[in-house]
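A quick write-up on the structure given underneath.
The values are calculated or read from the model by the stated rules, or taken from the named source; none is laboratory data. Computed from a predicted model, the values in this text were never measured in an experiment. For neighbour counting, all protein chains shown are included, and Cβ atoms are generated from backbone atoms with ideal geometry for every residue, glycine included.
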Amino acid sequence: MTDLLELSLSVYLHPVAPADYLFEKQYKGRKYLIGPPLSFANDISLHFFGMIKNDVFDRFLKLKVITGHLAKWQGCQEDYYEKHLGRILFSVDSPYKAYHDGCTWFDDHIPLGLGGKIKVGRSNAKAHLKFGDYVDHNVPVTK
């Protein structure tokens with residue numbers, strides 16, 4: 001943990017499908033519950049709540065956590081984006097969602113102004129995940 005904090009890196013939490021005993025007991029006959037319906041609630045929210053209850057964030061004040069599927073609108077969507085544009089990362093939850101659907105959502109909802117598409121689609125991830133001089137596709141964003 002000390003190395004993580006010294007490097008100012010983030011911890012990324014993302015739901016994962018249950019395996020082995022848990023899968024056999026709870027999901028074998030209900031595979032449709034795996035993924036978006038329950039994986040966030042059973043995986044991430046319980047783990048994140050455990051981190052809060054066990055004072056992880058009080059003991060490690062500089063800890064940064066990225067969670068998959070935690071977004072929730074508070075107020076006007078445009079105001080939210082403007083206020084938090086530097087903290088939003090874009091990804092597609094493959095194989096549960098198609099890349100086309102994620103890209104359509106990105107094109108329709110992320111504002112081009114304020115550098116929104118560049119930040120959410122590229123530079124925020126490079127900054128938060130410490131990619132440094134990682135060379136990506138610096139193609140101009142036009143939509």
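Assorted remarks:
- In the stretch 68-78, the count of residues that are out of contact with any Ser or Thr (no Cβ under 9 Å at 6 or more places or on another chain), surrounded by 12 or more Cβ atoms within 10 Å (Cβ to Cβ), closer than 29 Å to residue 7 by Cβ and at pLDDT below 85 is zero.
- Pair list, Cβ under 8 Å, 6 or more apart: the stretch 83-102 residue over 14 Å from residue 67 (Cβ atoms), other residue surrounded by 12 or more Cβ atoms within 10 Å (Cβ to Cβ) and of a type in the set (Lys, Arg): 85/119; 86/119
- When 119, 83 are screened for being basic (Lys, Arg) and at pLDDT 85 or above, only 119 passes.
- Any hit, the stretch 42-55, residues being within 26 Å of residue 1 (Cα to Cα), modelled with pLDDT of 80 or more, exposed (fewer than 11 other Cβ atoms within 10 Å of the Cβ) and of a type in the set (Phe, Trp, Tyr): yes
- Scanning the stretch 15-48 for residues being assigned to a loop (DSSP other than H, G, I, E, B) and either of a type in the set (Val, Ile, Thr) or within 20 Å of residue 60 (Cβ to Cβ) (or both) gives a total of 2.
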